[in-house]
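Asks: Below: one structure in structure tokens.
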Amino acid sequence: MSTMSPSPPAKDAPLQPPTTALMAGAAGAFGAGLLGAIWYTQRKQNKRIATEILEGTVPTNKYTPPKYIPPVMTPAEKIIAKKEASLFAFKTLAYGTLLAWGTAGLLAVSVGWYLDVRNFQEFSDKLKVIVPKKTANLRKMLGGTKLEMTEAEQLEIDTIQLED
């Protein structure tokens, strides 16, 4: 009978840290601790309940809460509540609209500052320069039969690069 000894690990192979084993051990220890805590708590509660039953300190009558009585509003209270609710809804709409327009204005000003434009015509002209340059470079990166640049597109890119 021949005995096979395990082959030594290759010296060229990098040693992997035992991450999986450590994580499994940590998870096992956590689970064991959690289950032990639950078991200990249940055992302690069962002992306490057993001693209370033997001593006779367990309450015999159960507390029953009173029936729920829904609140009743008078017609005058309903009118006041309706006015307050309408005012709250109007204020909410006004604040939401103000916040939306303010955010849009701040965004427009910051984009205008970043692109160095002052009106829509300058913005449109700037986009006519930026968009073809970016999409043409994207087409170059993607390649493929349908995304190949035409001669007109290549000429447009060459003229744009000269302008910058």
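Asks: Show me 121-130, 43-52 ranked by packing, highest mean number of other Cβ atoms within 10 Å first.
Replies: 121-130, 43-52
Asks: At what distance in nm do the modelled label points of THR159 and GLU52 sit from each other, each positioned 7 Å from its Cα along Cα→Cβ?
Replies: Going from the THR159 label point to the GLU52 one covers 8.9 nm.
Asks: Figure the gain on full extension for THR135 and LYS67 (residue separation times 0.36 nm, minus the Cα-Cα span) and round it to one decimal in nm.
Replies: Details: separation 68, 0.36 × 68 = 24.48 nm, distance 7.00 nm.
This chain segment gains 17.5 nm when fully extended.
Asks: What distance in nm separates the two pseudo spin-label positions at GLN45 and THR150, each 7 Å out from Cα along the beta-carbon direction?
Replies: 7.6 nm
Every number in this text was worked out from the coordinates using simple rules, so none of it is lab data. Bear in mind the structure is a predicted one, so any value in this text is a computation, not a measurement. Counting neighbours? That spans all protein chains shown, and the Cβs are built from the backbone with ideal geometry, glycine included.
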